[in-house]
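These notes concern the structure reproduced below.
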Amino acid sequence: MKILLAGGTGLVGDAVIDAAHDAGISVTTVGRRVTGRAANEIIVDFAALPALPPADAAICTLGTTLARAGSRAAFIAIDQAAVLAFARAAQDTGVKHFLIVTAVGSNPRASVFYARVKGEVERDLSKLGFTRLDILRPGLLLGERQEHRRVERLLQHMAPLTDPLMRGPLARYKSISAQTLGQALIALCREQRPGVYYHESPRLHDLGEGTKRP
């Protein structure tokens, strides 16, 4: 199996590379910087993507924060425009299975800017006509990022105390490690049933942890 990966330098993208390596899956990263960890790497400007090599699936883990982007326009350029550009380029090369990591609470009608943009991306991807589209909406991500996110770090420390309280409808907000999420993405790459599928933290834990079982 061959996959295209956008966002390979980030926390989740790095975990995807690890999981793919363990599974014997070939990864071609597509991004503005090299990861130094994939056998094949394509350095691009997402505003002018070149033709991409054929692959069985494409995974997008692109994402930033409003604070790091610096403005709403810059945030949209990464979390929406670049994501859709990658999806279209992957589709042009024949990819029929696309996987995207968004966030719990994504909704194109949300009053919160971050959740609204994520929801708009989900909506727009669903209109592109991939044979299978997997939309992953994890709760709080656990792992060491290259950049410092103070609020996220505080929530990570609180997760062992708050996760047991998240039951029923709140279970989707449970934390999940980047490693488990990366393994879930690789597990989903093997799925072939057509359609659009949404996965939240409880399901993602099952998928990711399942890859560790003998």
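The values are calculated or read from the model by the stated rules, or taken from the named source; none is laboratory data. No experiment lies behind these values; they were computed from the predicted model shown. Cβ: placed from backbone, ideal geometry, glycine included. Neighbour counts: every protein chain shown.
Do you know which residues across the stretch 164-174 are in a helix (DSSP H, G or I) and either under 17 Å from the mean Cα position of the chain (by Cα) or crowded, with 19+ Cβ neighbours inside 10 Å (or both)?
Selection gives ARG172, TYR173.
Check ALA159 against each of (1) modelled with pLDDT of 75 or more; (2) surrounded by 14 or more Cβ atoms within 10 Å (Cβ to Cβ) and name the one condition it does not meet.
The failed condition is (1).
Got a sec? Which of ASP56, ASP92 is in contact with a strand residue (DSSP E or B) (Cβ under 7 Å, 6 or more places away or on another chain), within 14 Å of THR131 (Cα to Cα) and charged (D, E, K, R)?
Residue meeting the stated conditions: ASP56.
Sort out which residues of the stretch 8-30 are surrounded by 19 or more Cβ atoms within 10 Å (Cβ to Cβ) and either acidic (Asp, Glu) or on the phi > 0 side of the Ramachandran plot (or both), and write them in order of number.
If the condition is that a residue be surrounded by 19 or more Cβ atoms within 10 Å (Cβ to Cβ) and either acidic (Asp, Glu) or on the phi > 0 side of the Ramachandran plot (or both), then ASP14 is the only one that fits.
Could you tell me how many of the residues in the stretch 175-214 are of a type in the set (Gly, Ala, Ser), outside any strand (DSSP E or B) and surrounded by fewer than 17 Cβ atoms within 10 Å (Cβ to Cβ)?
Looking only at that region, the number is 1.
Quick one: which strands (runs of 3 or more DSSP E) lie wholly within the stretch 1-114 and hold at least 3 residues that are closer than 29 Å to PRO202 by Cα and under 18 Å from the mean Cα position of the chain (by Cα)?
2-6, 26-31, 57-60, 97-101
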